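The block underneath contains the structure these notes are about, expressed in structure tokens.
The values are calculated or read from the model by the stated rules, or taken from the named source; none is laboratory data. The shown structure was predicted, so the numbers you read here are calculated from the model rather than taken from an experiment. Glycine gets a Cβ as well: all are built from the backbone with ideal geometry, and neighbour counts include every protein chain shown.
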Amino acid sequence: MKSLLALLFCVCCAVAWAQADQPALPWSVLSAGEQQVLEAVRAKWEQLPEGAQQRLRRGAQRYATMTSEQRERFAQRLQKWNSVAPERLAKMREHYAQFQRLPPEQREHLRAAFQRFRSLPPAQRQALREKFEQMSPAERRAFVGGADAQQRASALREFIESIPPEQRRPTREMLLALTADERHALFRQWRALPPEQREAYRQKLLQMTPDQRAQTLR
């Protein structure tokens, strides 16, 4: 539950629903058919996050081929966006701008987190949303900070356990000499490698000087 709630926090804070890196769309660029389908959100169109605009527009383009059930769900999405308060929309756009300023790999991480969240059963997603919304801002920060520390500890444990016992001491000494950001970069890169390449990567780092390691991990 902790990791799932942390995932939800990432999704909310990064506005990961803004999947497409596209500029905001003015109402005037929509076709007459798209405008007709999206009329319910016309008054708020300019305020919507860019990713939401793109998804709604794609839905409008598919509207003619939708089943009655799909059209009903699409209408519910329009109604949901139409009911969002202007202050919340402004916050969404602010978060989206923050998301766009993140390094590419962090944006990809958050997109992947959003996809994991979307893959959960609807009832579980709703339960997570409700639990998240009941938290105060301070509780959310503390909760996610604890979850992040847990994830880092898990990465360290996984890394150390992959090393033969007789070789662990020099690796521990190397890790202690790294900054927190450098350790995080090491674990991220190590996990991204195929299993058969991980040991060679560790040995390569061990053979470097501290300055070389720092430069490589940066």
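Please find, among Glu173, Glu133, Glu108, Glu139, the residue that is surrounded by fewer than 12 Cβ atoms within 10 Å (Cβ to Cβ), modelled with pLDDT of 75 or more, assigned to a helix (DSSP H, G or I) and of a type in the set (D, E, K, R).
Of the residues listed, the single one that is surrounded by fewer than 12 Cβ atoms within 10 Å (Cβ to Cβ), modelled with pLDDT of 75 or more, assigned to a helix (DSSP H, G or I) and of a type in the set (D, E, K, R) is Glu173.
Filtering segment 192-218 down to residues that are over 15 Å from Ile160 (Cα atoms) and in contact (Cβ under 8 Å) with a residue 24 or more places away in the chain, which residue is farthest from the chain's Cα centre (by Cα)?
Checked segment 192-218; the qualifying residue farthest from the chain's Cα centre (by Cα) is Pro210.
Restrict the check to segment 22-34 and report whether at least one residue is touching a Lys or Arg at 6+ places or on another chain (Cβ under 7 Å) and assigned to a helix (DSSP H, G or I).
Checked segment 22-34: at least one residue is touching a Lys or Arg at 6+ places or on another chain (Cβ under 7 Å) and assigned to a helix (DSSP H, G or I).
Mind checking whether some residue in segment 50-58 is surrounded by fewer than 15 Cβ atoms within 10 Å (Cβ to Cβ) and among the small types (Gly, Ala, Ser)?
Within segment 50-58 (the criterion being surrounded by fewer than 15 Cβ atoms within 10 Å (Cβ to Cβ) and among the small types (Gly, Ala, Ser)), the answer is no, since none of the residues qualifies.
Of Gln124, Gln167, which residue is out of contact with any strand residue (DSSP E or B) (no Cβ under 7 Å at 6 or more places or on another chain), in a helix (DSSP H, G or I), at pLDDT 75 or above and assigned by TED's automatic domain parsing to the domain that holds Gly51?
Step by step, each of Gln124, Gln167 is checked, and only Gln124 is out of contact with any strand residue (DSSP E or B) (no Cβ under 7 Å at 6 or more places or on another chain), in a helix (DSSP H, G or I), at pLDDT 75 or above and assigned by TED's automatic domain parsing to the domain that holds Gly51.
Taking segment 186-213 as the region of interest, how many residues are hydrophobic (A, V, I, L, M, F, W, C), modelled with pLDDT under 85 and surrounded by fewer than 16 Cβ atoms within 10 Å (Cβ to Cβ)?
2
Can you work out which of the residues in segment 58-104 that are without any contact (Cβ under 8 Å) to a residue 60 or more places away in the chain and not in a helix (DSSP H, G or I) is nearest to Val37 (Cα to Cα)?
Once the filter is applied, the top-ranked residue is Met66.
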